[in-house]
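Okay, so here's the structure we're looking at.
The values are calculated or read from the model by the stated rules, or taken from the named source; none is laboratory data. None of the values given here were measured: they were computed from a predicted structure. FYI the Cβ positions are ideal-geometry reconstructions off the backbone, even for glycines, and counts take in every protein chain you see. All accessible areas refer to the heavy atoms of the entire protein, side chains included, with ligands and DNA or RNA removed. Shrake-Rupley method; radii C 1.70, N 1.55, O 1.52, S 1.80 Å.
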Amino acid sequence: MSKSLRVAPSLLSSDFSRLGEEIQAVEKAGADWIHIDVMDGHFVPDLTLGPPVVKKLRPVTKLPFDVHLMISHPENFIESFAQAGADYLTIHVEAVSKPLEIIKSIKSLNMKPGISLRPSTSVEALKPFLPAVDLVLVMTVEPGKGGQAFLNNQADKVRQLREMVKSLSPSPLIAVDGGITEKTAKQVALADVLVSGSFIFKSSDYALAISQLRNSVTQRESTNPV
Ligand code: DX5
Ligand code: ZN
C-alpha cells in the first residue's frame, strides 16, 4: 500500500504570540500534521513549550499533533503529553537508556511512538526499535534550533532506513526534520513526512510553500517501493 506524503509544519518558526492562528493558517494552507518541538535546556540548549500549551492548542485543529521531544527523561512527561492530546510522541534514542520501555508506555496511552536520532548517531542504533515504532524521525540538522542549513550527509540515512523497514509490517513512517526546503526535499524524496519550519513560516504564502514541498518530491511515487 502506498503511503502518501505528509507535510508537517514545525511551529518552532511560527509567531509564538499567535500559535492558534498559525496552526489554523497552515491547516488551511494544506498541512497534514502539526509538528511541535519540545526542548528542555538540557538535551538541547533551548527551551520551548510543554504539555499545558499543547493542551490549549488541541481544540484549535483536528490535524494530528506530531510532538518531537528533545528532552532528557522523556519518561516523566509521557502521561502529560497523552492528556494534552499528542498523537505522535517521538523520543531521541540518545536521551534514554531503555527506549523500548518508553515506547511501550507511549503505546499504552494510545499515542503513536516515534524515535529520532542526532546527525552523529548511526541508523544502526535504531534497528532494535524499528518494529515497535510508528515513526522514525531523521534529523537533518543538529536538533535545537530552527533555520539551520540542511546537512547533505544525512540524506543517505533515509535510503538506509527505507531498506531497513521494507520487511516490516506494519512499517514505520520515515520523517525528515531540519533545513527542509523545496530544494533539499528532493534529496530525501523517499521520506513519508517532511517536517519544515522556516521554509513554511518565513514564507509570505504558506499554501505556496507547502505545495512547493509536495511538488519537489513528485518523483517519490515511482521510486518509493512502499
Ligand atoms: C530543530 C527542530 C525542527 C525545526 C525545523 O531542532 O526539531 O523541527 O523546527 O526547522 P527548520 O525547518 O527551519 O530547519
Ligand atoms: Zn522537530
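Listed values, structure above:
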{"item": "Any hit, segment 143-161, residues being within 14 Å of the chain's Cα centre (by Cα), on the phi < 0 side of the Ramachandran plot and in a strand (DSSP E or B)", "result": "no"}
{"item": "Residue match in segment 186-198 (condition: surrounded by 24 or more Cβ atoms within 10 Å (Cβ to Cβ), part of a helix (DSSP H, G or I) and either touching a residue at least 60 places away in the same chain (Cβ under 8 Å) or within 11 Å of ligand 1 (Cβ to nearest atom) (or both))", "result": "no"}
{"item": "Filter result (away from ligand 2 (no atom under 16 Å from the Cβ) and either within 19 Å of Asp177 (Cβ to Cβ) or crowded, with 16+ Cβ neighbours inside 10 Å (or both)) within segment 1-29", "result": "Lys3, Ser4, Leu5, Ala25, Glu27, Ala29"}
{"item": "Residues (assigned to a loop (DSSP other than H, G, I, E, B) and not hydroxyl-bearing (Ser, Thr, Tyr)) located in segment 162-185", "result": "Lys166, Leu168, Pro170, Pro172, Gly178, Gly179, Ile180, Glu182, Lys183"}
{"item": "Matching entry among Ala207, Ala189, Ala185 (being over 12 Å from Ser13 (Cβ atoms), modelled with pLDDT of 95 or more and in contact with a strand residue (DSSP E or B) (Cβ under 6 Å, 6 or more places away or on another chain))", "result": "Ala185"}
{"item": "Meets criteria (open to solvent by 20 Å² or more (accessible area, probe 1.4 Å), under 16 Å from the mean Cα position of the chain (by Cα) and farther than 16 Å from Glu142 by Cβ) for Leu63", "result": "yes"}
{"item": "Condition met for Lys183 (farther than 19 Å from Lys112 by Cβ, of a type outside the set (Asp, Glu), touching a residue at least 60 places away in the same chain (Cβ under 8 Å) and away from ligand 2 (no atom under 12 Å from the Cβ))", "result": "no"}
{"item": "Test: residue in segment 199-222 that is open to solvent by 10 Å² or more (accessible area, probe 1.4 Å), more than 16 Å from ligand 1 (Cβ to nearest atom) and more than 25 Å from Glu27 (Cα to Cα)", "result": "yes"}
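Condition check ((1) charged (D, E, K, R); (2) closer than 24 Å to Val67 by Cβ) across all residues:
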residue: Leu137; (1), (2): no, yes
residue: Gly146; (1), (2): no, yes
residue: Ala155; (1), (2): no, no
residue: Arg159; (1), (2): yes, no
residue: Lys166; (1), (2): yes, no
residue: Asp177; (1), (2): yes, yes
residue: Phe201; (1), (2): no, yes
residue: Leu213; (1), (2): no, yes
